[in-house]
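Chemist: My questions will all concern the structure given below.
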Amino acid sequence: MSSRYQGRHTTPGRRARRPSVAARALRRPIVTGALLAAAVATSAAGYQAADGHQTGTAAFTVSTEAIAQANELADAQIEDTARMATQRNEANASVAALQEQDRRKAVAAAATAAAARKQEAERVAREKARQAIADQKAAILARAKEDPKAVARVMLGDFGWGAGQFSCLDRLWIGESNWNYRASNSSSGAYGIPQALPGSKMGTVAADWRDNPATQIEWGLGYIKRSYGSPCNALAQWQGRSPHWY
């Protein structure tokens, strides 16, 4: 047997196989990512047409066109990302604007409701006050025969006069009838507290003019208003005449 060295890990009678293209490819650097995958192009100069062996140069080369395409893709992705961010910001701003609009509407509605409640409360208070005055006046009128002066006091305001006019009215009607709703002047026919002449004139206020002091006072105050403007003016005229009359 020949002792000549046969080579490492070889089997006698077999030629050592050359590593396949696939095996050699597995030993190349692995390129990952969509961007590099789109940019890498196989160069025809890297392979020999005859046996598919690689040349001594690099197995893969990156062309200028592929780099430009990769840059365009990157720019497009950046633009898309920026556009999506802008749209998202605009959407958030729109939502915030709608929320602010809703908040302002709610505040305005609450203010309107509060104003309406306040207005209604004031109306109810005024109505209660008017009703209280009306009830007081009704009670006074019901006691007109017992206290006709009280009736005259509450009626002064109906004719636009203040309480200061009552003293003049009091002196005037004391001189005419002494506040007697049945007082009658036998010579002239004047009747009642204001001494209406004739007494039937007071029927323009109510049919009970003969025995209702309130009817007589209302007519008498109206007469003073039309003829003299106020009780104090009427008293001044009454005092300046002899015998007294107004």
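The values are calculated or read from the model by the stated rules, or taken from the named source; none is laboratory data. Source: prediction; values computed, not measured. In this analysis, Cβ positions are derived from the backbone assuming ideal geometry, glycine residues included, and neighbour counts consider all displayed protein chains.
Chemist: Among the residues of the range 152-160, is there at least one that is modelled with pLDDT of 95 or more and either more than 60 Å from the chain's Cα centre (by Cα) or at positive phi (or both)?
Modeler: The answer is yes; a qualifying residue exists.
Chemist: Could you list, ordered by first residue, the pairs with Cβ atoms under 9 Å in which the first is in the range 128-157 and touching a residue at least 60 places away in the same chain (Cβ under 8 Å) and the second is basic (Lys, Arg), at least 6 apart or interchain?
Modeler: That search, which allows pairs on different chains as well, returns Val151/Lys137; Val151/Arg143; Met155/Lys137.
Chemist: How many residues, within the range 186-231, are surrounded by fewer than 17 Cβ atoms within 10 Å (Cβ to Cβ) and of a type in the set (S, T, N, Q)?
Modeler: Count: 6.
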